[in-house]
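Visitor: The structure's right below; bear with me while I get my questions together.
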Amino acid sequence: MGLDLHKLEHLIAVAEEGTFTRAARRVNLSQQALSSSIRALEREVGVDLLERSGNAVTVLPAGRALITDAQVLRGVARSALQRARRIGRGEAEVLHIGHTPAVTGDEVTTLLRQAHTAHPELATQVNQRYPDELSAQLLAGELDLGLCRAMPPVRGLGRSLVLHQRLHVAVAADHHLAHRDSASLGDLAGEPIVVWGQPGRSGYTDLLVEHCRQAGFEPELHRNPIQGTPPVTAVIGTQHAAFVTAAPGTAAHGQVRIIELDPAVHVPLHALWPQHTSSEARDAFLRAAG
């Protein structure tokens, strides 16, 4: 049995908008036509997907399950259509890459340089995205590849390890640890530590917390109030420390000191991509990066 992608789009619109009125405006249908489309979809599936109460709707468990898979199908269909058009028109593939704030622009540039050295013809477009945006745009087929750290893949996305990077500690130039060339992880016990994601909601923050616990202490965490900025800048004007992957030495025009962790601690850099999609450029990038 085939599923009509238009009907699935209608279901997604009703679920996201919460009412048939708003959903009908979104998909440019009358409320009656939209309701008929959803009823037809429920007959095809054989179970109720929505609970209706006047104009408001509640998505039933079966509906949520179908929507989760429908979002994957929508992205795969979009990618397939774009690929066929590009090949048919003889156009070069452009690899659209997103990266979370945990992966710096300098790190992405290094990976791009490696890829371009191996494949000079590779064309790329790169943008920073917050984790939820990254997953949504990968699923929607708007991005071909996502770079992140310890971010669990949602349904429909694959994940692979690109490389491990050594972790260091950034502090302001006037911090009491700034004169040191190296420090152990245990030296950070009692120090306020800046993170970007909430514990329990960020795989990377949870990984950093686990490293601290293995060193014998529970970290005092402070979430960075200025999201999206380079990690080394988070400590400027504070007495906080931050975990970074930038090389040891001075940074931010001398305002920051980056200290080597000894013994060494490593963190992963992961790639996410939409499963069941094809991209020669993505494959070439990952081979070069790895």
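Listed here are the residues, each with its yes/no results for (1) under 22 Å from Gly203 (Cβ atoms); (2) in contact with a Pro (Cβ under 7 Å, 6 or more places away or on another chain); (3) of a type in the set (D, E, K, R).
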| site | (1), (2), (3) |
| --- | --- |
| Ala80 | no, no, no |
| Arg89 | no, no, yes |
| Gly105 | yes, no, no |
| Gln114 | no, no, no |
| Asp132 | yes, no, yes |
| Ala173 | no, no, no |
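Visitor: Show the residue pairs that are 6+ apart or on different chains and have beta-carbon atoms under 8 Å apart, the first residue being within the stretch 270-287 and β-branched (Val, Ile, Thr), the second being not in a helix (DSSP H, G or I).
Guide: Once the first residue is β-branched (Val, Ile, Thr) and sits in the stretch 270-287, its partners that are not in a helix (DSSP H, G or I) give Thr277/Gly141; Thr277/Asp144.
Visitor: In addition: Can you name the strands (runs of 3 or more DSSP E) wholly within the stretch 159-256 that have at least 1 residues being small (Gly, Ala, Ser) and loosely packed, with under 15 Cβ neighbours inside 10 Å?
Guide: 249-251
Visitor: Residues of the stretch 123-144 being of a type in the set (A, V, I, L, M, F, W, C) and not in a loop (DSSP other than H, G, I, E, B), which ones?
Guide: Residues satisfying the conditions are Ala123, Val126, Leu134, Ala136, Leu138, Leu139.
Visitor: Between Thr21, Thr58, Thr104, which is without any contact (Cβ under 8 Å) to a residue 12 or more places away in the chain and hydroxyl-bearing (Ser, Thr, Tyr)?
Guide: Thr58
Visitor: Looking only at the stretch 1-16, decide whether some residue is touching a residue at least 12 places away in the same chain (Cβ under 8 Å), farther than 27 Å from Arg282 by Cα and under 22 Å from the mean Cα position of the chain (by Cα).
Guide: Checked against the condition, which is being touching a residue at least 12 places away in the same chain (Cβ under 8 Å), farther than 27 Å from Arg282 by Cα and under 22 Å from the mean Cα position of the chain (by Cα), the stretch 1-16 yields at least one hit.
Visitor: What single numbered condition from (1) part of a helix (DSSP H, G or I); (2) under 30 Å from Gly75 (Cα atoms) fails to hold for Thr277?
Guide: It is condition (1) that Thr277 fails.
No lab work stands behind these numbers, since they all come straight from the coordinates. Remember, predicted model here, so these are calculated numbers, not experimental data. Cβ: placed from backbone, ideal geometry, glycine included. Neighbour counts: every protein chain shown.
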